[in-house]
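The values are calculated or read from the model by the stated rules, or taken from the named source; none is laboratory data. The structure presented is a predicted model; accordingly, all values stated were derived computationally and were not measured. Note: ideal-geometry Cβ built from the backbone for every residue, glycine included; neighbour counts use all protein chains shown. Surface areas here come from the heavy atoms of the whole protein model, side chains and all, with no ligands, DNA or RNA. Shrake-Rupley method; radii C 1.70, N 1.55, O 1.52, S 1.80 Å.
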Amino acid sequence: MLEGLLVDLVPYGKAFTDLEHNWRNNDSSFFGSGGDRYFATKAMVRRHMERWAEERERGADDDVAFGIRTKDGEPIGFIGINWMVPYHRLAMLGAKIGEPDYWGGGYGTDALLLLLEYAFDWLDIHKAWLMTTTMNRRVMRQMEKVGFTLEAQQRRAALADGVWYDWLAYGLLREEWPGRAAVIERIGLRAREEA
């Protein structure tokens with residue numbers, strides 16, 4: 001378990017997969033996919049999770065998946081390395097806060113900082129990167145706040161609800177990472193007081 005201020009990153013297990021059906025059918029998947037709107041049945045999600053587990057068992061999957069859990073134990077999403085190139089030490093990140101009540105509260109940023117610390121300090125990754133679209137303003141602000149650099153912009157490449165948006169690629173090099181504690185201090189992230 002990786003312990004943060006607002007969330008902990010834990011193995012992505014049944015507590016999370018049980019919620020995956022809801023998350024795939026709400027706006028968190030819409031933003032995460034760049035604007036795709038699709039309906040996922042529970043059977044479709046179950047088959048996808050079974051295939052993912054089989055690939056992991058065979059060693060055919062190069063991802064690292066964590067569940068994001070609030071400090072009071074509520075599963076709210078996932079974060080991880082979706083794709084890794086060990087020789088080049090590159091890691092493509094992916095995340096979803098599946099529970100909209102937790103959007104904009106720092107939970108995703110806390111999870112991202114934990115994942116970056118894990119990637120840079122434990123896995124010795126050289127570069128972390130991710131993609132989003134210009135419709136996802138929360139992620140764009142998060143990338144700037146945490147220290148990622150906008151590296152590429154693919155114009156009018158995502159169609160969402162009849163509107164064209166650009167794809168954006170953000171990257172962060174190991175030598176640009178000042179460490180989790182320094183970023184937390186700079187952005188003012190604080191633990192929530194117990195009620």
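Based on Cα contacts under 8 Å between residues 6+ apart, the stretch 82-148 shows a relative contact order of 35 percent.
Please give the residues of the stretch 19-34, grouped as numeric ranges, whose backbone N is less than 18 Å from a label point set 7 Å along the Cα-to-Cβ vector of ILE187. What the label zone holds, given the 18 Å backbone N cut-off, is 32.
Classify the stretch 78-128 as rounded, prolate or oblate, taking a ≥ b ≥ c as the square roots of the eigenvalues of its Cα gyration tensor: rounded when a/c is under 1.5, otherwise prolate if a/b is larger than b/c and oblate if not. Here the stretch 78-128 falls in the prolate category. With a Förster radius of 25 Å applied to the C-beta separation of LYS14 and ASP62, the computed FRET efficiency comes to 0.65.
A value for Rg and Dmax of the Cα atoms in Å was derived from the coordinates, and within the list (1) 23.0, 88; (2) 16.4, 47; (3) 15.7, 48 it appears as (2).
One decimal place: the segment ASP161-GLU55 gains 34.8 nm when fully extended, by the rule 0.36 nm per residue minus the C-alpha distance. Per residue, the solvent-accessible area of the chain (1.4 Å probe, heavy atoms of protein chains only, all protein chains present) comes to 55 Å². Placing pseudo-labels 7 Å out from each Cα toward the beta carbon at GLU151 and LEU90 gives an inter-label distance of 0.7 nm. Put ARG192, ARG24 in order of accessible area, highest first, and with a 1.4 Å probe you get ARG192, ARG24. When the solvent-accessible area of the stretch 1-160 is split by element, carbon and sulfur atoms take up 50 percent of it, the probe being 1.4 Å. Going by the alpha-carbon gyration tensor, a ≥ b ≥ c the square roots of its eigenvalues, is the stretch 89-160 rounded (a/c under 1.5) or, if a/c is not under 1.5, prolate (a/b greater than b/c) versus oblate? In terms of gyration-tensor shape, oblate.
Heavy-atom accessible area with a 1.4 Å probe sorts ASP124, ASP110, ASP63, ASP101, largest first, into ASP101, ASP124, ASP63, ASP110. With the simple spin-label model, which puts each label point 7 Å out from Cα in the Cβ direction, the TYR38 to LEU2 separation comes to 2.7 nm. Using a probe of 1.4 Å on the protein chains alone, the accessible area found for ILE97 is around 30 Å².
At full extension, ARG46 and GLU176 could sit 42.9 nm farther apart than now, given 0.36 nm per residue minus the alpha carbon distance. How would the stretch 134-176 be classified by its alpha-carbon gyration tensor: rounded, prolate or oblate, with rounded meaning a/c under 1.5 and the a/b versus b/c comparison settling the rest? Judged from the Cα gyration tensor, the stretch 134-176 comes out oblate (a/c at least 1.5, b/c at or above a/b).
Distant-in-sequence amide contacts of GLY34, defined by a placed amide H-H separation under 5 Å and a gap of 5 or more residues or a different chain, comprise nothing. Pairs spanning more than 28 Å between alpha-carbon atoms, out of LYS14/LYS145; LYS96/LYS145; LYS14/LYS71; LYS96/LYS127: LYS14/LYS145. Relative contact order of the stretch 18-159: 21 percent, from C-alpha pairs under 8 Å at least 6 residues apart in sequence.
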